[in-house]
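*Asks:* Encoded as C-alpha cells, here's the structure I'll be asking about.
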Amino acid sequence: MLLAFSIFLLALVGILVDYLYHDLSLAIVTGVRDQLLLGAAPGTAPALDDIRSDNLTAISVITASATVAFGYLLTRVALSPTRNALSSQKQFIGNIAHELRTPLSIIKTNTEVTLLGDNVAQETRETLESTVEELDRLSDIINNLLSLSASVRPERIEFKPIDISDVIGDVVRKLDGLAKLRNLEVTTRVSQACYVSGNHSALEQILTNIIKNAINYTSRGGSISVTSEQIGASHVEIVVTDSGAGIARQDLFHIFEPFYRAEPSRNRAKGGSGLGLAIVSELVRLHHGKITVRSAVGRGTTVVISLPLAPTPAKDKLAHGKGFFDEVAVDYSHRKI
C-alpha cells in the first residue's frame, strides 16, 4: 500500500511538470508568433526571457511544494504502523496487568493471614515478610502498567479545574511517613488558587512519583522542597528540589524511557520498576504541559513541571488575593528511629 501511494504521488508530480512544460512551450511559440506578426524583432528576446522566467518560477514553486507534501505524507504513512503497534502494545500490557491484579491480591492476603499466626517460626516469618514486600512491589508495577495503558486512551480521563495546591498538600501528607523514616526536612511553598484543567488522580500520580523519587534518593538528614507558582497569566510551575545523589549526565537523557534503569541493583533496592517517570512524562503530556529535569551528581536534582492554567472558579477569586502563599516546613532530621 505504501509503495502504491508513493507511485501515485510521483505520477501526480510528473503530470504537473509535464503540463507546465507544454504550457511553457506553447507560451514561447505564441510569443514568437506575436512578435513576428508585430514586426518587433528587437523586443523578441526580452519578451521570451520574461515568459520563460515566469513559467520556470511557477514550475519550481509547484515542484518544491509537491516534494514537501510528498515527504510529509510519506512520513505519516510510514510511521502510522509504528504508532498503531505501540498503542496496541500498551493496551495489551494494560489488559495483562489488569488480569494479574486479582490473583496477586489473593496471594498477598493469604500470606498476611499466615503471618497473623503465633506458631510461625522466625525464619519462616522473615521469608513471608519478604514475600509481602515483593508483592507490594509487583502491585506498584501493575498499577504503573495500567496507568501507562490508560495514558494512550485520554478519552477515559476526566478533566476539570483543580487547585494544584490541594494536590500537592495531599501528596505530601501521604508521603509524610516515608519522609519521617529517612529523617528528611520537607518544605512546601504553594501559591493558592492556581487552577489547572486536569484529572486529580493523574496529577496526584505525577507528584507522587516525583516526590517519592526525591525521598528515596536523598540521604538521611537531607532536604526536599516542593513549590508552586503562577508564571504570567498562562502557566503554573511546580518545582521539586532535593539534596540527593543526583543523576549522571549519560542517564539524564533516558530517565523518561519505559523500563530504563541507571543502576538496576540500586533501583531494585528502592523498589523501582523503571516505569514511574515514563508514566509521569505521558501524564504531563496529556495535561498539555512540559517537564524538565536539572541534576548534578552529588548535588541533587530539580524537577520542573509546567502546566497551563485554567480559569479560576468565582468563589476562589474572592477567597484568595493575588500572590498569596501558604508555607509549611516540616523538619524530620532530629527524629530518632
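*Asks:* Of the residues LYS322, LYS290, LYS315, LYS270, which is in the same structural domain as VAL167 (by TED's automatic domain parsing) and at pLDDT 85 or above? Don't jump to the end; show me each part of the working.
*Replies:* On the way: LYS322 fails: at pLDDT 85 or above; LYS315 fails: at pLDDT 85 or above; LYS270 fails: at pLDDT 85 or above.
After applying the criteria, what remains is LYS290.
*Asks:* Taking only segment 246-267 into account, find how many residues are surrounded by fewer than 13 Cβ atoms within 10 Å (Cβ to Cβ) and either outside any loop (DSSP other than H, G, I, E, B) or at pLDDT 90 or above (or both).
*Replies:* Summing the residues that are surrounded by fewer than 13 Cβ atoms within 10 Å (Cβ to Cβ) and either outside any loop (DSSP other than H, G, I, E, B) or at pLDDT 90 or above (or both) in segment 246-267 gives 4.
The values are calculated or read from the model by the stated rules, or taken from the named source; none is laboratory data. Fair warning: this is a prediction, and the values are worked out from it, not measured in the lab. Note that each Cβ is placed from the backbone with ideal geometry, even for glycine, and that neighbours are counted across all protein chains shown.
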